[in-house]
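K.L.:
Have a look at this one before I ask anything.
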Amino acid sequence: MSRITAVETHDIRFPTSRELDGSDAMHPDPDYSAAYLVLRTDEAGTEGHGFAFTIGRGNEVQVAALNALRPQLVGRRLDDICADPGTVYRALTADSQLRWLGPEKGVIHMAVGAAVNAVWDLAARRAGKPLWRLLAEAPPEWLAAQADLRYLEDVLPRERAVELLRAGRRDAGRRTAALLRTGYPAYTTSPGWLGYSDERLTRLARRAVADGFTQIKLKVGADLADDIRRLRAARAAVGPDIRIAIDANQRWHVRQAIEWTRALAEFAPYWIEEPTSPDDILGHAAVRRAVAPVKVASGEHAQNRVIVKQLLQAGAIDVLQLDAARVGGVNENLAVLLLAADRGIPVCPHAGGVGLCELVQHLAMFDYVALSGSTRDRAVEYVDHLHEHFTDPVRITGGHYAAPSAPGFSARMRPESLARYRYPDGEFWAADRAGRAAGGRRDTERTVETA
Ligand SMILES: [Mg+2]
């Protein structure tokens, strides 16, 4: 009987801050990082990969949280965890001592998400299917049992979840064919980082349209005059028919969010994202009421499904931006997708960072094929950074994510990338430290934009 024999963890950091890639009003210098784990087994060729995304300092804390889960993982039988990945989710979230560190929020919950996603990666590899297909072809009753509906029964009873999943399966074959043919819509944030010059913004915005994207996103919230100038440049570059979303990354208090968004209204922003604290559900609702018809989007920092429930109950958002790696993995995100489907709220998942596009495309594609059944007003965020470090990177054509065909959750990083960017002793960081000690110029890795 095959089992998990070891849990390997890695602190992986990429020096993205040196090019201001990923810079926004709250995070001006992110080094995109992954607290990465591998589930090793005694079955030849079977393993599971998962990670939590962080932005640099503190990634070692995230790795320590992964290590704390090891006793709950090692020794589990592969047949058991593949038949019911929810057993791992429930064991990790219910650990009677670890749960005090949350419960179900922050570093410990992100670690649970990484481990649970690694289990799903393993299960999908073992089934020989990409995760989106494994989910889309699973029986509705089984999926409803995998979804963590605890604390949601008041708005989403289990029978309703099964009903939504059964309804979602109608015509699934037709949507699978459409997905394989055209992919899933994407929008791009690559032009809009706060640290980019107007010239670079304009060039990348034009290229996004030429590449087939129908929506771009700009970071805002540091300086109003700058935002007005940058939005004017972006609108001039893309014309009136392309959606421009704006993202304040939690920068404002509620009144400021309303005033600032109204000041940018002449450029017809499609949504304002994370206008204020991600925990301020009623604040989001107040902003939404005040800035319509500009939509309000949030969810990438929603720490668990209960926050999502309340965002929807309070009418606080128009667009839900779930994240594959912040909550407790696939089991909790199934619940989040069910909540959104029940309310008819479009899900436009958060991605970018490192590996988030690779993961979340599977959830969006499952939702399209076998739950909401729609791509209307839905798109997965896309950022063209760091995909080369994955063995099964996302493929974008004509502004769409192509459906992954390789078995698994697309979560596996290349061994040579793990070796090079392991912090602090991987080749890149060791050379960087040596260069600085010698007083030389830092080993700056440039992000090469594809022509
Ligand atoms: Mg955002």
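Only the coordinates and a few stated rules stand behind these numbers; no lab work does. Note that the structure is a prediction, hence the values are computed from the model and not measured. Here the Cβ is made from the backbone with ideal geometry for all residues, glycine too, and neighbour counts use every protein chain on show.
K.L.:
Let me check I've understood the local charge: for P404, count other residues with C-beta under 13 angstrom from its C-beta, Lys and Arg +1, Asp and Glu -1. What total comes out?
P.N.:
Result for the local shell: +2.
K.L.:
Report, by chain and number, residues whose modeled amide H sits under 5 Å from the one on R76, excluding near sequence neighbours (fewer than 5 apart, same chain).
P.N.:
For R76, the qualifying residues are I4.
K.L.:
Based only on other Cβ atoms within 10 Å, what is the fewest-to-most ordering of R126, R255?
P.N.:
R255, R126
K.L.:
Next question, about the same structure. Could you compute the FRET efficiency for R262 and R203, with r as their C-beta to C-beta distance and R0 at 30 Å, rounded to 0.05?
P.N.:
With a Förster radius of 30 Å, E is 0.55.
K.L.:
Suppose the chain between R3 and R40 were pulled fully straight at 0.36 nm per residue; how much longer would it get relative to their current alpha carbon spacing?
P.N.:
Separation in residues times 0.36 nm, less the Cα-Cα distance, equals 12.5 nm.
K.L.:
For a footprinting-style exposure proxy, rank I12, I258 by other Cβ within 10 Å, fewest first.
P.N.:
Fewest-to-most ranking of I12, I258: I258, I12.
K.L.:
What is the local net charge at L338, summed over the other residues whose Cβ is closer than 15 Å to its Cβ (Lys, Arg +1; Asp, Glu -1)?
P.N.:
Summing Lys and Arg as +1 and Asp and Glu as -1 gives -1.
K.L.:
On to the next question. Per q in 0.17, 0.21 Å⁻¹, report the Debye log10 I(q)/I(0) for the stretch 107-190, using one uniform scatterer on each alpha carbon and no solvent.
P.N.:
Log10 I(q)/I(0), no solvent term: -0.98, -1.18.
K.L.:
7 Å from Cα along Cα→Cβ at both H27 and Q313: what's the point-to-point distance in nm?
P.N.:
Taking the simple label geometry, H27 and Q313 are separated by 2.9 nm.
K.L.:
Taking only pairs that are 8 or more places apart or on different chains, how many Lys pairs in the chain have Cα atoms under 27 angstrom apart?
P.N.:
8
K.L.:
Using only C-alpha positions, report the orientation-averaged shadow area of the convex hull of the stretch 168-230, nm², one decimal.
P.N.:
Projected area, direction-averaged: 6.0 nm².
K.L.:
Largest first and in whole Å, give the semi-axes of the stretch 44-121's equivalent ellipsoid, each being the square root of 5 times a Cα gyration tensor eigenvalue.
P.N.:
21, 15, 10
K.L.:
Averaging the inverse of every distinct alpha carbon separation and then flipping it gives the Kirkwood radius. What is it for the stretch 252-318, in angstrom units?
P.N.:
11.6 Å
K.L.:
Also, I was wondering about something else. Taking the Cβ of A233 as the center, what net charge do the other residues with Cβ under 10 Å away carry, scoring Lys and Arg +1 and Asp and Glu -1?
P.N.:
+2
K.L.:
Would you work out the charge dipole size for the chain about its Cα centre, treating the Cβ of every Lys and Arg as +1 and the Cβ of every Asp and Glu as -1, and quote it to the nearest 20 debye?
P.N.:
Rounded to the nearest 20 debye, it is 580 debye.
K.L.:
What does the stretch 172-401 give for Rg and for Dmax, in Å, if only its C-alpha atoms count?
P.N.:
Over the stretch 172-401's Cα set, Rg and Dmax evaluate to 16.8, 50 Å.
K.L.:
Please arrange M26, M413 by how many other C-beta atoms lie within 10 Å of their C-beta, fewest to most.
P.N.:
M26, M413
K.L.:
Provide the descending list of Cα extents for the chain along its principal axes, expressed in whole angstroms.
P.N.:
63, 61, 44
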